[in-house]
Each structure stands twice: as C-alpha cells, then as structure tokens.
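Asks: Mind looking over this structure? Questions follow.
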Amino acid sequence: MGIANALGISDLVIGLTIVAIGTSLPELAATLTAAVRREHDIAIGNVIGSNMYNLLAVLGVAGVLVPLDIDRHVLVRDLPLMIALTLVLFVMSLDYHGRGKITRLEGLALLITFVGYQLFILMDIR
C-alpha cells in the first residue's frame, strides 16, 4: 500500500481494488471448486455468506471499535452501484423460466461489469 499511496492513490481506491481482490481470492477459489464439483449451493452460499459477514460483522466490529467516516464517493458512487448490481443479480437469479440459474452469458456480463468498475475506479483516481 505504501507504493500506491506514494503514487497518489487514495486509501479508498486501494481498498476497492487491491485489498478487495487480495482478500477475495480465497473465496473465488472455494467458489470455483464448488462450482466445478457441481455443488452450486455451496458456491452461492459461500459468496452470499462472505459478503454478509464482511458487511455486517467486519464493518460492525470496526464501527464499534472506532466510528467510521464514510467517504462521499462511497455514498454517491459505490453504494448506489452496489445496490443496483445486487438487484440485477437478484433478477438474473430469478430466471423467468423457473430454473433459478445464472447462465454463462449472465456470468460473463457480471465479470465484464466488475472489470469495467475496476477500470472506472482506477481512472477516477483523485
């Protein structure tokens, strides 16, 4: 993080990119392993459980220990985008044919959205 800070990259951008990817790689490995083994419930549960734990427990404990100042960009840019993408994922998972399946095309759309978001954040360095 010292190098990124020396380059003028904010702590928020570091957290939204480098730290987030680094801490999520074990989750990705576990989810991919479960998906390859066709244990889809474990894959979905891992993703949802990990996100719920990070949002509620980790953020909650940090907030109890030290009150957190929330950057304006998080409230204006990141939070609405996270809510919108959660709704998109919900609609994708409903699957109007009743199968409850996220297709490869939808998975590709989610992956492209992630890459686009990361590029957008990196281009928006303050």
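The values are calculated or read from the model by the stated rules, or taken from the named source; none is laboratory data. The shown structure was predicted, so the numbers you read here are calculated from the model rather than taken from an experiment. Glycine also receives a Cβ, built like all others from the backbone with ideal geometry; neighbour counts cover every protein chain displayed.
Asks: Return the total of residues in the stretch 27-47 being of a type in the set (D, E, K, R) and either surrounded by 13 or more Cβ atoms within 10 Å (Cβ to Cβ) or touching a residue at least 12 places away in the same chain (Cβ under 8 Å) (or both). Lay out the reasoning, then the answer.
Replies: Keep residues of the stretch 27-47 that are of a type in the set (D, E, K, R), which gives 27, 37-39, 41.
Then keep just the ones that are either surrounded by 13 or more Cβ atoms within 10 Å (Cβ to Cβ) or touching a residue at least 12 places away in the same chain (Cβ under 8 Å) (or both); that gives 27, 39.
Residues in the stretch 27-47 being of a type in the set (D, E, K, R) and either surrounded by 13 or more Cβ atoms within 10 Å (Cβ to Cβ) or touching a residue at least 12 places away in the same chain (Cβ under 8 Å) (or both): 2 in total.
Asks: State whether one or more residues within the stretch 101-118 are surrounded by fewer than 10 Cβ atoms within 10 Å (Cβ to Cβ) and farther than 25 Å from I3 by Cα.
Replies: yes
So that you can scan it fast, the table gives a plain yes or no per residue for (1) in the same structural domain as E39 (by TED's automatic domain parsing); (2) in a loop (DSSP other than H, G, I, E, B); (3) over 30 Å from G8 (Cβ atoms):
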{"site": "G63", "(1), (2), (3)": "yes, no, no"}
{"site": "V74", "(1), (2), (3)": "no, no, no"}
{"site": "M82", "(1), (2), (3)": "no, no, no"}
{"site": "L105", "(1), (2), (3)": "no, no, yes"}
{"site": "G116", "(1), (2), (3)": "no, no, no"}
{"site": "F120", "(1), (2), (3)": "no, no, no"}
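Asks: Which condition from (1) farther than 22 Å from Q118 by Cβ; (2) assigned by TED's automatic domain parsing to the domain that holds S10; (3) surrounded by 12 or more Cβ atoms within 10 Å (Cβ to Cβ) is the one that S93 breaks?
Replies: Single failed check for S93: (2).
Asks: Considering each of S50, S24 in turn, give the residue that is among the hydroxyl-bearing types (S, T, Y) and either in contact (Cβ under 8 Å) with a residue 60 or more places away in the chain or touching a helix residue (DSSP H, G or I) at 6+ places or on another chain (Cβ under 6 Å) (or both). Step through it out loud before you land on a result.
Replies: On the way: S24 fails: either in contact (Cβ under 8 Å) with a residue 60 or more places away in the chain or touching a helix residue (DSSP H, G or I) at 6+ places or on another chain (Cβ under 6 Å) (or both).
That would be S50, the only listed residue that is among the hydroxyl-bearing types (S, T, Y) and either in contact (Cβ under 8 Å) with a residue 60 or more places away in the chain or touching a helix residue (DSSP H, G or I) at 6+ places or on another chain (Cβ under 6 Å) (or both).
Asks: May I ask you to verify whether L87 is surrounded by 11 or more Cβ atoms within 10 Å (Cβ to Cβ) and either in a helix (DSSP H, G or I) or aliphatic (A, V, I, L, M) (or both)? Before the answer, list the steps.
Replies: Values: surrounded by 11 or more Cβ atoms within 10 Å (Cβ to Cβ): no; either in a helix (DSSP H, G or I) or aliphatic (A, V, I, L, M) (or both): yes.
So L87 does not fit the description; no.
Asks: Do you know which of the residues in the stretch 1-54 that are among the charged types (D, E, K, R) and part of a helix (DSSP H, G or I) is nearest to M123 (Cα to Cα)? First the steps, then the outcome.
Replies: Here is the first cut: in the stretch 1-54, the residues among the charged types (D, E, K, R) are 11, 27, 37-39, 41.
Now drop any that are not part of a helix (DSSP H, G or I), which leaves 11, 27, 41.
Numbers: D11: 15, E27: 26, D41: 36 Å.
Applying the filter and picking the extreme gives D11.
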